[in-house]
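The values are calculated or read from the model by the stated rules, or taken from the named source; none is laboratory data. Because the structure is a prediction, the values reported are computed rather than measured. Here Cβ is always computed from backbone atoms with ideal geometry, including for glycine, and neighbour counts include all displayed protein chains. All accessible areas refer to the heavy atoms of the entire protein, side chains included, with ligands and DNA or RNA removed. Shrake-Rupley method; radii C 1.70, N 1.55, O 1.52, S 1.80 Å.
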Amino acid sequence: MPQQHDHLGELLEPRTTVLLTVECQQGVVGPDGALPELAEEARSSGALANVARLVAAAHEGGVQVIHAVAERRPDGRGASRNARLFRAAERLPVQQLSGTSAVRVAPPIEVTEEDFVVRRLHGLSPLTGTEVDALLRNLGCRTLIVTGVSANVAIPNAVFDAVNRGYAAVVPADAIAGVPSDYTPAIIRNTLALVATVATTDEVLACLGAPGRTARA
């Protein structure tokens, strides 16, 4: 289980911290999404609500927010097909097509003008082959808070890629979700905790709202 870390406050300095939401889009975690089991888990576990809490606190505290969205062109050009997951996604009744409601960030998460929404047309990771890494460097990011779905694929990818690129990763364990429900705590305990600082949403919120912290200029 997540525990309080003495160094968490140092990691979460607002000027050098970015909050990343991963695939928190209507076509994935929405009530009419392509993956109803995952959507139900994200909502019933409170993970999606916790992502929304973190985003709201980031907006208030001057922490940059990036929303990573997965989508594909209607004609499928450029989409990955080199894994079973991609081929299965092509057959789902709800497609994550560019320009549709399926690729909009899902309520209750709020998107502001200051946020970045980065869309990827291929692959598994929010960082590899997208603008995210360059944006993080230009923003002076040192710590990346990783939230969203799924704990099965995209979240571990994001954490590994962040660490490989020299960022410190913080994972609020109750702000990510995967299926089945017992898989998420297992991958947190056995994998993510080895490379990231695992905390709770409340612990992260306490750090982001600590007195004396200043907003990003």
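Some notes on this structure:
- Acute angle (nearest 10 degrees) that the helix 47-61 long axis makes with the longest principal axis of the chain, alpha-carbon atoms: 50 degrees
- With the charge dipole of the chain set up from +1 on Lys and Arg Cβ and -1 on Asp and Glu Cβ about the Cα centre, the Cα lying farthest toward the positive end among the listed residues Pro108, Cys207, Ala168 is that of Ala168.
- Gain upon complete extension [Ala134, His7; 0.36 nm per residue less C-alpha separation]: 43.1 nm
- Each Lys and Arg adds +1 at its Cβ and each Asp and Glu adds -1 at its Cβ; summed about the Cα centre, segment 55-100 shows a dipole of about 420 debye.
- 3J(HN,Hα) along segment 199-208: 9, 10, 4, 4, 5, 5, 4, 4, 6, 5 Hz, from the Karplus curve 6.51 cos²θ - 1.76 cosθ + 1.60 with θ = phi - 60°, whole Hz, x for Gly and Pro.
- Three semi-axes describe the equivalent ellipsoid of the chain; taken as square roots of 5 times the Cα gyration tensor eigenvalues and ordered largest first, they are 27, 18, 16 Å.
- Using the Karplus relation 6.51 cos²θ - 1.76 cosθ + 1.60 with θ = phi - 60°, the per-residue 3J(HN,Hα) values for segment 17-32 come to 10, 10, 9, 10, 9, 10, 6, 7, 10, 4, x, 10, 10, x, x, 10 Hz, with x marking Gly and Pro.
- In a simple Cβ point-charge model (Lys, Arg +1; Asp, Glu -1; nothing else charged), the chain has a dipole of about 720 debye relative to its Cα centre.
- The share of C-alpha pairs in segment 48-101 whose separation exceeds 17 Å stands at 54 percent.
- Here the ratio of the Cα radius of gyration of segment 136-215 to 2.2 N^0.38 Å is 1.12.
- When each of the peptides 124-136, 77-89 is scored by the mean number of other C-beta atoms lying within 10 Å of its residues, the order from highest to lowest reads 124-136, 77-89.
- Under 5 Å from the amide H of Ser80 lie the amide H atoms of Gly123, each residue being 5 or more positions distant or on a separate chain, with H modelled from the backbone and absent for Pro and chain starts.
- Within the accessible surface of the chain, defined with a 1.4 Å probe on protein heavy atoms only, the carbon and sulfur portion equals 52 percent.
- Among Tyr167, Tyr183, the order of accessible area from largest down is Tyr183, Tyr167, computed with a 1.4 Å probe on protein heavy atoms.
- Rolling a 1.4 Å probe over the heavy atoms of the protein chains gives segment 113-217 an accessible area of 44 Å² per residue.
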